[in-house]
Amino acid sequence: MLQYEMKAMFKHSMLTPQLIGLALLYCLLAVSAEAQTSRIKRISLMTPDLDQSISFFTRVIGFTLNYEGTLAPDGEPFLGSAFNIDASKPIRRALLSTSSEARGLFLIEHPDAPAPDPEEPTAVVTVVEVESIDNTLALAGAAGAPVSETVTDVTPEGMLFSEAMITSPGGHAILVYELSTAP
């Protein structure tokens, strides 16, 4: 009986099985597109010396300083708990950008942050594309930052890449890389 009623509805209606199928497909595509809109807003790094870190990330890595200031006591409820900082005291912070990522780096000063141990692996590596890896590594060396050897390889797409690890004054592992067309 239900099958007969369904056929009768489709016969006297503009709704065909093909239109219903297309509508369902459209809904699935819309939901899929919405589910894939996540992106990383920024990387937040704690540093014992904000001025030294700003200098390093702007002069060596090539970031641009957008904002530097002091957050009033209890100014942001999440910052203290996220970084285990006493948020009842003023917190210095800075926002920096690359040429393609606005405000992608957030530096938070925490003078009591533990000193990095170069013998221990880092839990987080920040990866940054640079215009010239040779220039970046020379600047890092001149700034006294530890620098690894450069590794060069070809991507599956045929692009030549070079990468090396730099340790910032705050103890952050920064993997810098340069892409170019393969010879």
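Could you list, in sequence order, all residues of region 80-94 that are without any contact (Cβ under 8 Å) to a residue 40 or more places away in the chain and outside any loop (DSSP other than H, G, I, E, B)? Show your work before the answer.
Residues of region 80-94 that are without any contact (Cβ under 8 Å) to a residue 40 or more places away in the chain, as a first pass: 80-91.
Selection gives Gly80, Ser81, Ala82, Phe83, Ile91.
Got a sec? Which of Pro111, Pro116 is in contact (Cβ under 8 Å) with a residue 24 or more places away in the chain, surrounded by fewer than 11 Cβ atoms within 10 Å (Cβ to Cβ) and not in a helix (DSSP H, G or I)?
Numbers: Pro116 fails: surrounded by fewer than 11 Cβ atoms within 10 Å (Cβ to Cβ).
When all the criteria are applied, what remains is Pro111.
Gly141 fails exactly one of the following numbered conditions: (1) surrounded by fewer than 18 Cβ atoms within 10 Å (Cβ to Cβ); (2) in contact with a strand residue (DSSP E or B) (Cβ under 8 Å, 6 or more places away or on another chain); (3) not in a helix (DSSP H, G or I). What is the number of that condition?
Checking Gly141 against (1) surrounded by fewer than 18 Cβ atoms within 10 Å (Cβ to Cβ); (2) in contact with a strand residue (DSSP E or B) (Cβ under 8 Å, 6 or more places away or on another chain); (3) not in a helix (DSSP H, G or I), the one that fails is (3).
What is the number of the single condition among (1) touching a Leu at 6+ places or on another chain (Cβ under 8 Å); (2) of a type outside the set (Gly, Ala, Ser); (3) on the phi < 0 side of the Ramachandran plot that Arg103 does not meet?
Looking at each condition in turn, Arg103 falls short on (3).
What residue, of Gly75, Gly80, is closer than 21 Å to Ser53 by Cα and not basic (Lys, Arg)?
Of Gly75, Gly80, the one residue that is closer than 21 Å to Ser53 by Cα and not basic (Lys, Arg) is Gly80.
Report yes if some residue within region 162-182 is over 22 Å from the mean Cα position of the chain (by Cα) and surrounded by 14 or more Cβ atoms within 10 Å (Cβ to Cβ); otherwise report no.
No, every residue in region 162-182 fails to be over 22 Å from the mean Cα position of the chain (by Cα) and surrounded by 14 or more Cβ atoms within 10 Å (Cβ to Cβ).
Does region 63-73 hold any residues that are touching a helix residue (DSSP H, G or I) at 6+ places or on another chain (Cβ under 8 Å) and modelled with pLDDT under 95, and which are they?
If the condition is that a residue be touching a helix residue (DSSP H, G or I) at 6+ places or on another chain (Cβ under 8 Å) and modelled with pLDDT under 95, then Leu71 is the only one that fits.
Criterion first (surrounded by fewer than 18 Cβ atoms within 10 Å (Cβ to Cβ), closer than 14 Å to Met46 by Cβ and of a type in the set (S, T, N, Q)) does Ser81 satisfy it? Break it down into steps so the answer makes sense when it comes.
Numbers: surrounded by fewer than 18 Cβ atoms within 10 Å (Cβ to Cβ): yes; closer than 14 Å to Met46 by Cβ: yes; of a type in the set (S, T, N, Q): yes.
In short, yes.
Output the residues belonging to region 122-141 that are more than 20 Å from the chain's Cα centre (by Cα) and more than 20 Å from Leu96 (Cβ to Cβ).
Residues satisfying the conditions are Asp134, Ala138, Gly141.
Has region 47-64 got any residue that is touching a strand residue (DSSP E or B) at 6+ places or on another chain (Cβ under 8 Å), over 20 Å from Thr126 (Cβ atoms) and either free of Cβ contacts under 8 Å to residues at least 40 places away in the same chain or assigned to a helix (DSSP H, G or I) (or both)?
No - not one qualifying residue is present in region 47-64.
The values are calculated or read from the model by the stated rules, or taken from the named source; none is laboratory data. The shown structure was predicted, so the numbers you read here are calculated from the model rather than taken from an experiment. In this analysis, Cβ positions are derived from the backbone assuming ideal geometry, glycine residues included, and neighbour counts consider all displayed protein chains.
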